[in-house]
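**Q** I'd like to ask some things about the structure below.
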Number of protein chains: 4
Amino acid sequence: MRCPDEPGLIYHISRVLYGHGLNILRNDEFVERTTSFFFMRTEFTGTFEAHALLQELREALPSAADIRLSDNRPKNIVLLATKEHHCLSELLVRNAFQELNARILAVVSNHEVLGNLTRQFGVPFHYISHDDKSREAHEAEVRQVLDGYAPEFVVLAKYMRILSPEFVEAYANRLINIHHSFLPAFVGASPYAQAYERGVKIIGATAHFVNEQLDQGPIIAQSVIPVDHTHSAAEMAQAGRDVEKIVLARSLRLVFAERVFVHQNKTIIFD
Amino acid sequence: MRCPDEPGLIYHISRVLYGHGLNILRNDEFVERTTSFFFMRTEFTGTFEAHALLQELREALPSAADIRLSDNRPKNIVLLATKEHHCLSELLVRNAFQELNARILAVVSNHEVLGNLTRQFGVPFHYISHDDKSREAHEAEVRQVLDGYAPEFVVLAKYMRILSPEFVEAYANRLINIHHSFLPAFVGASPYAQAYERGVKIIGATAHFVNEQLDQGPIIAQSVIPVDHTHSAAEMAQAGRDVEKIVLARSLRLVFAERVFVHQNKTIIFD
Amino acid sequence: MRCPDEPGLIYHISRVLYGHGLNILRNDEFVERTTSFFFMRTEFTGTFEAHALLQELREALPSAADIRLSDNRPKNIVLLATKEHHCLSELLVRNAFQELNARILAVVSNHEVLGNLTRQFGVPFHYISHDDKSREAHEAEVRQVLDGYAPEFVVLAKYMRILSPEFVEAYANRLINIHHSFLPAFVGASPYAQAYERGVKIIGATAHFVNEQLDQGPIIAQSVIPVDHTHSAAEMAQAGRDVEKIVLARSLRLVFAERVFVHQNKTIIFD
Amino acid sequence: MRCPDEPGLIYHISRVLYGHGLNILRNDEFVERTTSFFFMRTEFTGTFEAHALLQELREALPSAADIRLSDNRPKNIVLLATKEHHCLSELLVRNAFQELNARILAVVSNHEVLGNLTRQFGVPFHYISHDDKSREAHEAEVRQVLDGYAPEFVVLAKYMRILSPEFVEAYANRLINIHHSFLPAFVGASPYAQAYERGVKIIGATAHFVNEQLDQGPIIAQSVIPVDHTHSAAEMAQAGRDVEKIVLARSLRLVFAERVFVHQNKTIIFD
């Protein structure tokens, strides 16, 4: 739940849960000071009637409170990819061994090269070429296939095309990208080439929700590795791939476990 | 507060605080599963009568609950050191700029070399040589000086002598050591020489509470840095010193802010 | 090349290479001080007759010098695994995309569970159960299959059985293991359970050559990640898996590129 | 030495050193591919006449080669600071214990607050207020004091004023700054406030040579630490200070040991 902060919120919530005889396994709160906003995530077990419980919580809390009840079932997701395999491979493997807390319904790509890998894991692969199509026409095709799966989340697993504001809006807070730099350093194309040019000693990767501004969405997770003058731009890219796939997988674990709140342009994560 | 876990603990505590009109700034809970023990730390502001509030909390909670009310004033501490300056320097500097959330009342050392540094910062320095003294006699002298300051915490800032069980018992959970390895690797003397011999690729440091078993006490913080075959044991030690002083300072920040619970041989840290 | 250190080694080597008109791309030297041993690795391009060049280098250098000429072709390897998939998956994926600088000839396992994954990547899978067999009999079977492939390296990708000294001897300096702790912390079985019990704040993984002593072989690469009191032993294991597979892949990259020298019980790595 | 790459450079240098009976302790080479430039740093011991050796090396190498002979005596340096003490404290302490491979000749500051700390360590402190002075007039005063010490390096230990291109030019490749962000993220003022606004999950610090473009000079060393949504901008700054001072000290160790080559806008570091 989230709402503007006021005294007694924890008390009111814990009173309702206690009244239902529910057992709190884990409880996290945070008050964002600059906006005076309260966030709380409670894991509990016990027997309850969801509608009644929600109703009672709503009555106990300010009317502005945004309350969600959720079980922990795997999320339905679709992946978008282009040519690089490392993030896709990572997710397909985890999916195959039920480690993703999600079901990959399909992979959509503007290239064919990742088709065999995807099908090998028994996941449908949709090749939608962008050749001879306008950006709008291509995206419309992608969108149609995607919407057909009704995914809860869409993951850009190194999808190298920019999505329209309409697309982003349709999947607001449900569209996750992995950017191959330590944002906000090296926004835009070819971040490893930029990093090489700048002579940095550390490179990184950033998993973030996509919003209407390129590479500006709320950051979920970041990670880095050291490099030095012996690394060419290509070697930086190679080293960076290991970071990218791990940081993307970690961010998905957090999001799919509903540990991530988006507030304005930031994330609050109860890890 | 801490007590065996049972339903309603958060509810009971938040009810009492709400009843007093107190404003919760931050709230952290943790249930240790293997022992089914509940830990909670609440930061709040407001006007209250401490005795009455404690009394009410005690009545609201199980009789086994261990409840503490604390303000956030700086702790009184004494440092023990030997010859190496880096941890002592770090703490003296932070103390001088009021960044330690503590007051260093004195430094006690079995060598003279750190005397000038200490006095330069206006802190009393007690040189208690161990020459020609039994271990017991030396420790008794140290103990007498130490007890005279009635410190809330004693920090072993690279103090290279082993303390007796009686000493450790007297300062139980108030005696903090920095060990120059990534425990439990390289327990005992000369950890960098051991690390060099073993050919490790990462070295580290561990800040921990001291208990009756050498290097076995509850770990507060650890940190590491990479090394390689070009590092001699002396160079590993040099590189390690930067990690040691930072990890010690970090662990003290946590302990002095009362964010650290000791439970059996582990720490629970609400960072 | 490697040999006891003496003046002029770099000069003699560079003279021979210069005389052949070869172009040095990269040159690394190291002198291990405690044993006064010299190590050098030179990457060069150009046209030469290997036998004559080697002969000339041998004449120019002390008779004790160990000199190797090597091209950079992919190594032939066999993997041993048990039940956990994460290291195996990582290597199979990299193999499929030619990122391993090696060819996985086969996977041998004492369990069946990883068979589908392996075959899915077109790699032969040998299931050799240890049920109802002595340790010796089981190992002999594994050994026979393994030797049939004549691999240049054998990688223990979470193979959970201890190998005999004879096995280790047969694959000396060609047998690589990933141990799921930051060695030498937590030698032996169940390192994550040990780490949980000890209450460490950082866990790690170690890739090393296997020698006759359990978990004591020369370390190639190590990596760590932070954990805290909220991690159960199972969650530490889960978090550790990401580190294990990356550190194993990294160590293989180094070994297969012939950047790793083993000297006594340590590695010298020209990364 | 450095020069455009060509075959035989290592051979020619090692021949001269071998001819003088000098013993190479450590040798590092690097060829920068995009500009085809060769860099080499050799540590050697032995008896030689410097002028003759240099002369012979110059004759053996291309005329474009830039060759330097250097002993390893401590460098003379001056520090510039403003109000924050942490970097200055770090360097004063290391200086006091001869760990800096340098002598701090003086500290110059535009504020008075760090005077006591500096003098306490027996180092001259020059307070040059910028009140009621033009930028040019103030810098001229600073410059005059600085030049009086004829320092080999000038270290900006959190000096918060921008220096003129003339100043930077006068101390080209001898002027080192610590920037409190992971450059090129958060160039300019208030990087922690920027980092907080952007919601990053990692913050860092960058030590770099200063050139005529703000925060654009060659990077020497970078380091990072994780942060999360609970950190205010002030807490990020506090956490960042530990990284700043360590990364600055590390970069100075490298520079003062003459391990750092500047090439175009990057550094080549033989660590």
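The values are calculated or read from the model by the stated rules, or taken from the named source; none is laboratory data. Worth saying up front: this structure is predicted, and the values here are computed from it rather than measured. As a convention, Cβ positions derive from the backbone with ideal geometry for all residues, glycine included, and neighbour counts pool all protein chains shown. Each accessible area value is taken on the protein alone, full model and side chains, heavy atoms only, with ligands, DNA and RNA left out. Shrake-Rupley method; radii C 1.70, N 1.55, O 1.52, S 1.80 Å.
**Q** What are the residues in the stretch A:180-193 that are open to solvent by 10 Å² or more (accessible area, probe 1.4 Å) and more than 8 Å from chain D (Cβ to nearest Cβ), if any?
**A** A:180, A:187, A:188, A:189, A:190, A:192, A:193
**Q** Can I ask one more? Can you tell me how many residues within the stretch B:98-119 are of a type outside the set (A, V, I, L, M) and open to solvent by less than 60 Å² (accessible area, probe 1.4 Å)?
**A** Counting residues in the stretch B:98-119 that are of a type outside the set (A, V, I, L, M) and open to solvent by less than 60 Å² (accessible area, probe 1.4 Å) gives 6.
**Q** Out of curiosity, is residue C:91 within 14 Å of chain A (Cβ to nearest Cβ) and touching a strand residue (DSSP E or B) at 6+ places or on another chain (Cβ under 7 Å)?
**A** When the stated conditions are applied, residue C:91 passes them.
**Q** Filter the stretch D:23-45 for residues that are over 24 Å from residue A:199 (Cα atoms), touching a Leu at 6+ places or on another chain (Cβ under 8 Å) and surrounded by 13 or more Cβ atoms within 10 Å (Cβ to Cβ) and give the result.
**A** D:24, D:43, D:44
**Q** Counting only residues that are out of contact with any Gly (no Cβ under 9 Å at 6 or more places or on another chain), within 27 Å of residue A:239 (Cβ to Cβ) and either of a type in the set (A, V, I, L, M) or more than 11 Å from chain B (Cβ to nearest Cβ) (or both), how many does the stretch C:201-213 have? Please lay out each step first, then the result.
**A** So the first thing to find is which residues in the stretch C:201-213 are out of contact with any Gly (no Cβ under 9 Å at 6 or more places or on another chain), and the list is C:201, C:206-207, C:212-213.
If we keep only those that are within 27 Å of residue A:239 (Cβ to Cβ) as well, we get C:201, C:206-207.
Filter again for either of a type in the set (A, V, I, L, M) or more than 11 Å from chain B (Cβ to nearest Cβ) (or both), leaving C:207.
So the answer is 1.
**Q** While we're looking at this one, here's another question. Would you check if there is a residue in the stretch D:246-267 being among the small types (Gly, Ala, Ser) and in contact with a Pro (Cβ under 9 Å, 6 or more places away or on another chain)?
**A** No.
**Q** Pick out the one residue from C:69, C:100, C:105 that is within 14 Å of chain A (Cβ to nearest Cβ) and of a type in the set (A, V, I, L, M, F, W, C). Give the derivation first.
**A** Details: C:69 fails: within 14 Å of chain A (Cβ to nearest Cβ); C:105 fails: within 14 Å of chain A (Cβ to nearest Cβ).
Exactly one residue qualifies, and that residue is C:100.
**Q** Let me ask something additional. Among the residues of the stretch A:214-223, count how many are under 20 Å from residue C:235 (Cα atoms) and open to solvent by 30 Å² or more (accessible area, probe 1.4 Å).
**A** Total satisfying the criteria: 1.
**Q** Moving to a separate point now. For the stretch B:224-271, which positions are polar (S, T, N, Q) and either facing chain C (nearest Cβ under 10 Å) or crowded, with 18+ Cβ neighbours inside 10 Å (or both)?
**A** Residues satisfying the conditions are B:230, B:232, B:251, B:264, B:265, B:267.
**Q** Hey, another quick one. Enumerate the helices (runs of 4 or more DSSP H) found wholly within the stretch A:125-205, keeping only those where 1 or more residues are in contact with a Ser or Thr (Cβ under 8 Å, 6 or more places away or on another chain). Before the answer, list the steps.
**A** Working: elements: A:135-149, A:165-170, A:191-198.
Passing ranges, in order: A:135-149, A:191-198.
**Q** Here is a list: C:74, C:62, C:124. Which entry is closer than 30 Å to residue C:16 by Cβ, without any contact (Cβ under 8 Å) to a residue 60 or more places away in the chain and not polar (S, T, N, Q)?
**A** Going through C:74, C:62, C:124 in turn, the sole match is C:62.
**Q** Then there's this: Is the stretch D:46-53 home to any residue that is within 14 Å of chain C (Cβ to nearest Cβ), surrounded by 15 or more Cβ atoms within 10 Å (Cβ to Cβ) and in contact (Cβ under 8 Å) with a residue 40 or more places away in the chain?
**A** no
**Q** Looking at (1) over 15 Å from the mean Cα position of the chain (by Cα); (2) buried (at least 20 other Cβ atoms within 10 Å of the Cβ), which is the only condition residue D:210 fails?
**A** (1)
**Q** Identify all residues within the stretch C:129-168 that are under 24 Å from residue C:91 (Cβ atoms), of a type in the set (D, E, K, R) and either open to solvent by 40 Å² or more (accessible area, probe 1.4 Å) or not assigned by TED's automatic domain parsing to the domain that holds residue C:258 (or both); write none if there are none.
**A** C:141, C:143, C:147, C:152, C:161
**Q** Taking the stretch A:1-22, which residues are of a type in the set (Phe, Trp, Tyr) and either closer than 23 Å to residue A:71 by Cβ or open to solvent by 50 Å² or more (accessible area, probe 1.4 Å) (or both)?
**A** A:18
**Q** Can you report the number of residues in the stretch C:57-76 which are under 30 Å from residue C:116 (Cα atoms) and in contact with a helix residue (DSSP H, G or I) (Cβ under 8 Å, 6 or more places away or on another chain)? Don't jump to the end; show me each part of the working.
**A** At the first step, the residues of the stretch C:57-76 found to be under 30 Å from residue C:116 (Cα atoms) are C:73-76.
Filter again for in contact with a helix residue (DSSP H, G or I) (Cβ under 8 Å, 6 or more places away or on another chain), leaving C:74-76.
Result for the stretch C:57-76: 3.
**Q** Got a number for residues in the stretch B:161-177 being over 18 Å from residue B:255 (Cα atoms) and among the β-branched types (Val, Ile, Thr)?
**A** Selection size over the stretch B:161-177: 1.
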